[in-house]
């Protein structure tokens, strides 16, 4: 059911966000991120990439996992009492849904009509389901049930046409990458890698053209969406690779980035070159720009807080966007499309 939050909260949001709304239509100018506002709260903020000006978007006990709609006009996020989205025209903070479970990792469908998310069982937090709901709160369906513990294996990826979702699904005592229709039908196994010699395949990421899926075990792989053409792009224990996580295609399809311990690696799909992006302190969550020529990422700064930097993947030029942001272990960021 669609519910509006209190007028006081909306008014607070308007004061904080109205200065930005006239320019957020300019695609790619902002990064939304979550950060600890004090020892008890986590909230969402918006930072202007060019000026570094920051605005607080929410004033809640918990707001995390922000995700932009493809038109760059809405942000969905997870709160302690359900899923919300921010709509800039008119400025609105609207509750989408609240189930008996804990909803996390919401991601818009490519056409902006639906949101897929992880629903963690509160009575057994080792279990989670993958669900989809319409933006108005109707049409809630479960795509896959009892998928295990919500950790690195819980991530999923919409196909570019919005018709399918790729995810890591339990198989016997391990996991495999599968593809399922967005109505929950037609679950199809894509990989067949689970064995004692492999870490289970997890964290699928669909290529921008919809033809391939990237995923990680100990290494980074790509595979055709029909399961053919499996290719390994990295080799564990070579070139300083550790356990790779969070593979993400660049929107232009030229690169795949991955977390590599405290760093990010960048795989050039044209020439196979692997580049490490690092800093003096560990790098955390990251996001591509809409053109695929820049990355934004959190980086620890040595004083218990975080900075946000961007890096041009062609010149490797780094730019600090924001600094001294409140630290929260699972905070995330996303570049406006």
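The values are calculated or read from the model by the stated rules, or taken from the named source; none is laboratory data. This structure is a prediction, so every number in the text was calculated from the model and none was measured. Quick reminder, even Gly has a Cβ in these numbers, built from the backbone with ideal geometry, and neighbours come from all protein chains shown.
Here are the numbers:
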| read-out | value |
| --- | --- |
| Matching residues in region 29-43 - criterion: being more than 15 Å from residue 72 (Cα to Cα), touching a residue at least 40 places away in the same chain (Cβ under 8 Å) and outside any loop (DSSP other than H, G, I, E, B) | 34, 35, 36, 42 |
| Strands (runs of 3 or more DSSP E) contained in region 250-337 and holding at least 2 residues surrounded by 16 or more Cβ atoms within 10 Å (Cβ to Cβ) and within 20 Å of the chain's Cα centre (by Cα) | 255-260, 263-268, 283-288, 294-300, 306-312, 318-325, 333-335 |
| Restricting region 228-253 to residues that are out of contact with any strand residue (DSSP E or B) (no Cβ under 7 Å at 6 or more places or on another chain) and at pLDDT 90 or above, the residue that is nearest to residue 200 (Cα to Cα) | 228 |
| Which numbered condition residue 178 misses (of (1) modelled with pLDDT of 90 or more; (2) farther than 26 Å from residue 211 by Cα) | (2) |
| Residue count for region 268-293, restricted to those that are in contact (Cβ under 8 Å) with a residue 24 or more places away in the chain and within 14 Å of residue 312 (Cα to Cα) | 11 |
| Single condition residue 215 does not satisfy, out of (1) crowded, with 21+ Cβ neighbours inside 10 Å; (2) under 23 Å from residue 34 (Cβ atoms) | (2) |
| Residue count for region 1-28, restricted to those that are modelled with pLDDT of 70 or more and either within 19 Å of residue 78 (Cα to Cα) or out of contact with any strand residue (DSSP E or B) (no Cβ under 8 Å at 6 or more places or on another chain) (or both) | 1 |
| Candidate set from region 113-150 (those that are touching a helix residue (DSSP H, G or I) at 6+ places or on another chain (Cβ under 9 Å) and within 21 Å of residue 85 (Cα to Cα)); member that is modelled with the lowest pLDDT | 120 |
| Inter-residue pairs, beta-carbon under 9 Å, first on the phi > 0 side of the Ramachandran plot and in region 310-337, second in a loop (DSSP other than H, G, I, E, B) and surrounded by 13 or more Cβ atoms within 10 Å (Cβ to Cβ), 6+ apart | 324/301; 324/305 |
| Qualifying strands (runs of 3 or more DSSP E) (wholly inside region 127-188; at least 3 residues being under 23 Å from residue 245 (Cα atoms) and touching a strand residue (DSSP E or B) at 6+ places or on another chain (Cβ under 8 Å)) | 128-134, 156-158, 164-171, 174-181 |
